[in-house]
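*Asks:* Below are the structure tokens for one structure; questions will follow.
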Amino acid sequence: MAIRHLPGDPAQHPANASPSGHPSPWALRRRALKGPLLAFGLVLLLGGLLVGCRGDVGDRGPVAGPSLSTPSLPSPTPEGPGEALGKEAGGEPDRRPLGWIEAQPLSPAEALPPARLQIPDIGLDVPVVPMGWRIAVIGGVRTTEWIVPEDAAGWHVNSAKAGARGNVVISGHQLLGTAVFQPIALGDVQEGQEIRLTDASGRTFIYQVQQVSEPIPIGVDLVQERTIAAQYTGPTAEARLTLVTGWPDYASTHRVFVVATWRGRAGP
């Protein structure tokens with residue numbers, strides 16, 4: 001399968017500038033690594049290992065991995081529904097979402113699959129569809145890999161449903177098809193932003209970004225790759241949303257995870 005690169009120099013993309021007009025840290029990192037990553041990507045392509053060619057974002061499927069602790073994240077406590085943004089002790093804005101209602105997560109029996117994902121701060125609005133997997137042999141190892149849709153985000157069918165207790169895991173391409181998760185690869189998604197996840201019945205649930213991982217190399221050590229992925233995508237006791245995509249936006253040599261914690265339901 002041919003690799004479709006996006007037109008223009010990614011380093012000049014408007015999203016790579018900070019509000020001050022200076023390049024963002026992610027943009028500088030992408031510029032510094034662009035040459036080596038393209039060379040590395042060519043090597044992987046010749047070896048048939050480039051993630052984009054397999055039609056996924058490198059998440060090695062639903063096979064249960066070792067029991068691992070998930071990343072430790074703060075648990076924000078809502079102060080009340082629909083209150084205006086305030087100031088934290090350090091003077092930084094309180095990015096608590098507006099228009100939300102404090103509520104407990106749904107039970108698994110009440111929840112439905114996600115159908116739509118929005119991040120209002122960056123104008124992201126994408127459909128979400130259930131995503132299956134296939135058996136594959138990679139590097140002589142029999143494993144599974146997700147079949148990530150090219151024109152929508154893919155919900156891991158073995159993860160929690162929208163608004164339910166547990167870890168809702170959604171993957172999306174940053175390079176292939178409509179590249180629905182390209183904004184993650186560009187560094188547009190940041191801590192504190194609101195994520196709205198709507199289920200098949202139209203109920204909308206609010207999550208808030210608590211962590212955006214550093215780009216993690218893939219295609220080098222399959223065991224280590226699966227171990228790291230399991231730490232982010234494994235089951236959790238609390239309600240959580242995890243987004244997965246490749247990095248950077250012009251190749252697929254790394255993976256990035258976005259972890260968001262439960263805040264409540266969208267208000268009227």
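*Asks:* Considering only the range 255-268, how many residues are of a type outside the set (A, V, I, L, M), within 22 Å of ASP221 (Cα to Cα) and in contact (Cβ under 8 Å) with a residue 60 or more places away in the chain?
*Replies:* 1
*Asks:* Out of LEU176, LEU124, which single residue is surrounded by 22 or more Cβ atoms within 10 Å (Cβ to Cβ), hydrophobic (A, V, I, L, M, F, W, C) and touching a helix residue (DSSP H, G or I) at 6+ places or on another chain (Cβ under 8 Å)?
*Replies:* Unique residue meeting the criteria: LEU176.
*Asks:* Additional query: Residue by residue through the range 129-163, note down the ones that are in a strand (DSSP E or B), in contact with a Leu (Cβ under 8 Å, 6 or more places away or on another chain) and either modelled with pLDDT of 90 or more or surrounded by 15 or more Cβ atoms within 10 Å (Cβ to Cβ) (or both).
*Replies:* ILE138, THR143, ALA153, ALA162
Residue-by-condition table, conditions (1) among the β-branched types (Val, Ile, Thr); (2) within 24 Å of ARG116 (Cα to Cα); (3) surrounded by 23 or more Cβ atoms within 10 Å (Cβ to Cβ); (4) modelled with pLDDT of 95 or more:
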| residue | (1), (2), (3), (4) |
| --- | --- |
| VAL220 | yes, no, no, no |
| VAL223 | yes, no, no, no |
| ALA237 | no, yes, no, yes |
| ARG240 | no, yes, yes, yes |
| THR245 | yes, yes, yes, yes |
| ASP249 | no, yes, yes, no |
| VAL259 | yes, yes, no, yes |
| ALA266 | no, yes, no, no |
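The values are calculated or read from the model by the stated rules, or taken from the named source; none is laboratory data. Because the structure is a prediction, the values reported are computed rather than measured. Using ideal geometry, Cβ is built from the backbone for each residue, glycine included, and neighbour counts are taken over all protein chains shown.
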